[in-house]
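Quick notes on the structure that follows.
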Amino acid sequence: MKISFRWMPTFSYLLALALLSACSVLPIRPASTPLPNFVPPLGATGTPLPTPTPDTASFILLGPEMTVKEAGYAFQPIVAWNASGDSLPFTQTNNMASMGNKYTGLYLNLNSEKGGINYNSSDCLAMIRDRMAASMTGFQAGEAQALITNNIPGGSVSFTGQLEDQAVVGKLTTFFPNSRCFSLIAFNNGIDAQNLWETSGQYAYTKLLESLRFLDQLQAASCQVSADPSYGLTPDNPIRVGNTNIADGLQREELYLYTLRGPNFEEVTFTRLNPQYNAAREIVDGYSVSYQGLAEPLTLYFEIFKFEAPNAPLGFNCEAPFPLSAP
């Protein structure tokens, strides 16, 4: 398969990366579910990121952690990557997150897709490498190297090639967490691509890789899920969020709900119900809660006059630790 890339106003290289991750799988390997083509709206008006946090180890600047819930991974985006402080426009959709445009000289693309039967990280590496070889002029890859990031084993290859007659130098890295083929493609482009990669691009790639976390790690770091099937789901075992005054009880309940997620990190919607008494004559607040894929809304119950370290109810998750402490 040969893909021809035409220059588009602002994002041809990132489009190329997306296509590399979305081509059909070679028949010699188990089939994977292809992703739809992705055209990120990057360029001079790319989506601005929150104020970055300086990485004291170098001139690489990392932004706040971002979670791609549908694909089960999180990372800190690179928002500035060289001594000049050059920024990287950012976009995210479905299973993919990308940084860069044709003016920056650095491109980083993260993607996750369902893997084939009996796949492993080496299969993912070979699959993505073959897609790139079919889509880039003069593609050459080095010998595969094993690596471990945050205790997750993976593999990587360095590569060179050309896109739209511009030299590219970079690295492809893959992992296979939770039966998904995850890939990170990073490269510099242009006549000075090799020097850019050696002096700054590879360090941005390394920082991004070090910040990477996958679903099991996200669950462990985010919150504890209660093993009690009644926790939060019955008036007699409410989620006790406490308060510093009566007025902030509602706010603490909503902070909890804004952080709560479905079992696969689905966004949660909620509607407040009328307060009621439980068997202990405590006033509890009920919320009708739903998320995509849930057949019928569930009711969660809160009590604002006592505090216990909050957990997620059985069958739920959360995107971050609940931002509640003892009043």
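Where a number appears in this text, it was derived from the coordinates with a stated rule and is not lab data. Everything numeric in this text was worked out from a predicted model, so none of it was measured.
Taking H placed 1.01 Å from N in the peptide plane, check which residues at least 5 places from Lys114 or on another chain put their amide H under 5 Å from its amide H.
When sequence neighbours closer than 5 places are left aside, the close amide H contacts are Thr33, Cys181.
What aspartates and glutamates could a cross-link reach from Lys114, if we take a straight Cα to Cα line under 14 Å and drop same-chain neighbours fewer than 8 places away?
Cα-Cα hits under 14 Å: Glu70, Asp123.
Largest first and in whole Å, give the semi-axes of segment 223-318's equivalent ellipsoid, each being the square root of 5 times a Cα gyration tensor eigenvalue.
Working: eigenvalues 82, 37, 35 Å².
One finds semi-axes of 20, 14, 13 Å for segment 223-318.
Counting pairs of Cα atoms in segment 74-164, how many percent are more than 19 Å apart? Before the final figure, lay out the partial values.
Numbers: 2273 of 4095 pairs.
So the portion of pairs separated by more than 19 Å is 56 percent.
Compute the Rg/Rh shape ratio of segment 269-327: radius of gyration over Kirkwood radius, all on alpha-carbon atoms. The partial results should precede the final answer.
Details: Rg = 12.8 Å, Rh = 13.2 Å.
Rg/Rh for segment 269-327 comes to 0.98.
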